[in-house]
Amino acid sequence: MSVEAHDDPALTPAAETPADSETVAPSRWKRFGATLVSRFSSSLTRRIVVLNLGGLVVLFVAFLYLNQFREGLIDARVQSLQTQGEIIAAAISASAAVETDAITIDPEKLLQLAPGESVDLENGNDASLEFSINPERIGPVLRRLVSPTRTRARIYDRDGYMLLDSRSITARSNILRFDLPNTPPDDPASSTIFERTWNLLRGRFGSVGLPVYEDIGVGNGRAYPEVQDALNGHAGSVVRVNTRGETIVSVGVPVQRFRVVRGALLLSTQGGDIDKIIASERWAIIRIFLVSAGVMFLLSFFLAGTIAEPMRKLAEAAERVRRGIRSRQEIPDFTKRSDEIGHLSGALRDMTQALYKRLDAIESFAADVAHELKNPLTSLRSAVETLPRARNDESRGRLLEVIQHDVRRLDRLISDISDASRLDAELARADMEPVDLTQLLDAVVNMSNQVERGDGVKITLDIPADIRRGYLVFGHDSRLGQVMTNLIENARSFSPHGGSVRVAMRRGRNIGRSGHLEDGIELIVDDDGPGIPAHAFERIFERFYTDRPNHGFGQNSGLGLSISRQIAIAHGGHIWALNRRGTRDDDVAGARFIVWLPAATP
């Protein structure tokens, strides 16, 4: 006895059961539906789809309303009926017209006729009844010429009375009846809602301003304008619509013999012949519209996905940054896209990084301020607590000097901290203007020379006379003046007694904000001091850093160079320091500070 492997479900765990396949398909549709709903929950997506489809719908409606195909088809049909009518009228005139222009019947013989008897029209003698066209000869001609064309032909004599209607001719060309009943109008209640809707649309877009066709039956044909024109000797045509909204084209052609009008031929199209052609053409347009609408919807949906979805992610990330600033949220990176979304993503990422850096700088600044304020406050507190326990006037005098020194130090720190904290706000609010650096340096150097500090240091300015013009930068003159004042005062503090501080200006190229070399202007401040230690070329620009072993403790806040660098960076420039070399390479002749600012382009 053997058991086949496929009979045991436990032996085929990888096989998918029908129940599993039935549950997978709905889950996929649910995910697709959820994605579709989430996409359309965005107002931007809805606007893109509606606007794109709206333009297509307007084009479609305008095409149906201003359909040139219908007008061309009707004009062609009118020309065809006129040509056909002229041929039929010529045939009728040649074969069915009465040669003598009269058929004579004796009235007495008419009274003597028995039921079923007829009058011999060829041998009649009395001119009592006249026919301009012989009705008996019209039938065969009319049947052979009209039947293949699916048109209706009616013959009227020269007085407007109908002689024959093509609907009353049998296959043998015999006349069945002469009196045709009027066609009853359609009952709107008997038609379906789809038929009424289609008739309404067809009437709205296909027959605007056309007169309504009314079948007068055996009435006088002069009620038709085209018949009236034909009886007057020239052809006429009229386009009408029946009660169903179907287009009917009628053409009246005169039946002439020897330039004498003997009657009129009225050719009319069957109701719906033209409309079937137009309807098929419009159905083709509708199919094209539906396919185009589907393609437009998919393209709009895809376009909205490439715009709305990244915008939504960027907005959610920005909201997370606002609510949880400490968690350092990351903005989605769409910078690979070379469009506005990519630019927006890059701008938001740069803005977020700048915000985080600013927050870090604020935290660091607050910590540095607390640390710097804590030192003089601690010293001041110790002096105040020790002052009551001083035993002599000398001790109390030293403690009072410490207190005064700490108070001056606190005052200087608070002033510098306040200036540093206002710097960013002032640079952001004020508009940059062209600044003439030649005039700025003249004013700063003259002011520094007028301040007497008892050190005998002289500040000189070296600008070649032939190039004193054209040194312009965009910036804030007061803040740029502050940079030069800080550098001059720093160099002055390190210069020996009776030394000099030299200020110069020259053109130079450096890397600007764009990351490329730019033309700029260099401001140089040299001193004859001990120079800068090798480890401190960057540290001297840090906040509250000071290294003045020959100066008293607390004589400097350590914010001057930090503020100078901050101002230079805000103007798109750089500031750096180096040591000047003496006659020998290992000799330090002093320190040099260089400020590079981008030149203002005219």
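The values are calculated or read from the model by the stated rules, or taken from the named source; none is laboratory data. All of these numbers come straight from a predicted model, not from anything done at the bench. Here the Cβ positions follow ideal geometry from the backbone for every residue, glycine too, while neighbour counts run over all protein chains shown.
Quick one: which residue in ARG502, ARG479 is of a type in the set (Lys, Arg), modelled with pLDDT of 85 or more and in a strand (DSSP E or B)? Walk me through it before giving the result.
Working: ARG479 fails: in a strand (DSSP E or B).
Residue meeting the stated conditions: ARG502.
Looking at the structure I just gave you, is SER345 over 60 Å from the mean Cα position of the chain (by Cα) and either farther than 23 Å from LEU597 by Cβ or exposed (fewer than 14 other Cβ atoms within 10 Å of the Cβ) (or both)? Outline the logic, then answer.
Values: over 60 Å from the mean Cα position of the chain (by Cα): no; either farther than 23 Å from LEU597 by Cβ or exposed (fewer than 14 other Cβ atoms within 10 Å of the Cβ) (or both): yes.
The answer is no for SER345.
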Filter the stretch 152-170 for residues that are among the small types (Gly, Ala, Ser) and closer than 17 Å to ALA91 by Cβ; the one that is modelled with the highest pLDDT is ALA153
Scanning the stretch 83-108 for residues that are modelled with pLDDT under 60 and under 15 Å from VAL260 (Cβ atoms) gives ALA96, ALA97, VAL98, GLU99, THR100, ASP101, ALA102
If we ask which residues in the stretch 240-287 are at pLDDT 80 or above and either surrounded by 21 or more Cβ atoms within 10 Å (Cβ to Cβ) or in a strand (DSSP E or B) (or both), their number turns out to be 23
